[in-house]
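Beneath this line is the structure, given in structure tokens, with notes to follow.
The values are calculated or read from the model by the stated rules, or taken from the named source; none is laboratory data. All figures in this text were calculated on a predicted structure; none of them were measured in a lab. Ideal geometry is used to build each Cβ from the backbone, glycine not excepted, and the neighbour counts take in all protein chains shown. Ligands, DNA and RNA are excluded from the accessible area calculation, which covers all protein heavy atoms including side chains. Shrake-Rupley method; radii C 1.70, N 1.55, O 1.52, S 1.80 Å.
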Amino acid sequence: FLRETLASLQAQTFSDWECICVNDGSTDESPTIIREVMATDSRIQLFEQANAGLSAARNRGVERSQAPYIFFMDSDDLLYPKALESLYHTIQETSSEVVWGRIQKFVDELPQLPACGEVRVFEGVTLRKWVSKCFSRPNKTDPFLGIPIEAWGKLIKREVMKQIGRASCR
């Protein structure tokens, strides 16, 4: 789904973004696909490294990013066309440190994406508890906070990522 993932990013109504793709030693056609898309979109960059795992790939992306906010995507994620716009406006309007929207999971085929759903906001101590748990536990929802703990799908202030430091990302 990598082509579809990048296409959904390029189709965003919010266009002021950079995409840091980290090839973590893959042996498939991912680097070729990324280079093809890079040839038509200067916002997309590719960095390659020997296989070091998801955490190392995410940390490398954060290190290379110049943006004030971080948004993790996996190679099989799709975004609603207004996803980044909605998240950005929400984080700006609420002065929050992290926001995310509703997700829809799919397995074997691309879903028909409905209209964008609710946006949730957390900040301060609550956010720091979430970030600490999010980057060290399997894909579950924190029972206390009710926050999905996966790193992907959330817009996070870069300053928060720097305060937390390098993390074990899921």
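Output the residues belonging to region 40-78 that are in a helix (DSSP H, G or I) and either open to solvent by less than 60 Å² (accessible area, probe 1.4 Å) or in contact (Cβ under 8 Å) with a residue 12 or more places away in the chain (or both).
Correct list: Leu54, Ser55, Ala56, Ala57, Arg58, Asn59, Arg60, Gly61, Val62, Arg64.
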query: Thr90 fails exactly one of the following numbered conditions: (1) at pLDDT 90 or above; (2) open to solvent by less than 30 Å² (accessible area, probe 1.4 Å). What is the number of that condition?
result: (1)
statement: Across (1) of a type in the set (Ser, Thr, Tyr); (2) on the phi > 0 side of the Ramachandran plot; (3) touching a Phe, Trp or Tyr at 6+ places or on another chain (Cβ under 6 Å), Tyr88 clears everything bar (2)
message: Looking only at region 1-23, how many residues end up being touching a residue at least 60 places away in the same chain (Cβ under 8 Å), assigned to a helix (DSSP H, G or I) and open to solvent by less than 60 Å² (accessible area, probe 1.4 Å)?
response: 4
Thr32 vs. criteria among the hydroxyl-bearing types (Ser, Thr, Tyr), in a loop (DSSP other than H, G, I, E, B), over 14 Å from the mean Cα position of the chain (by Cα) and exposed (fewer than 15 other Cβ atoms within 10 Å of the Cβ): no
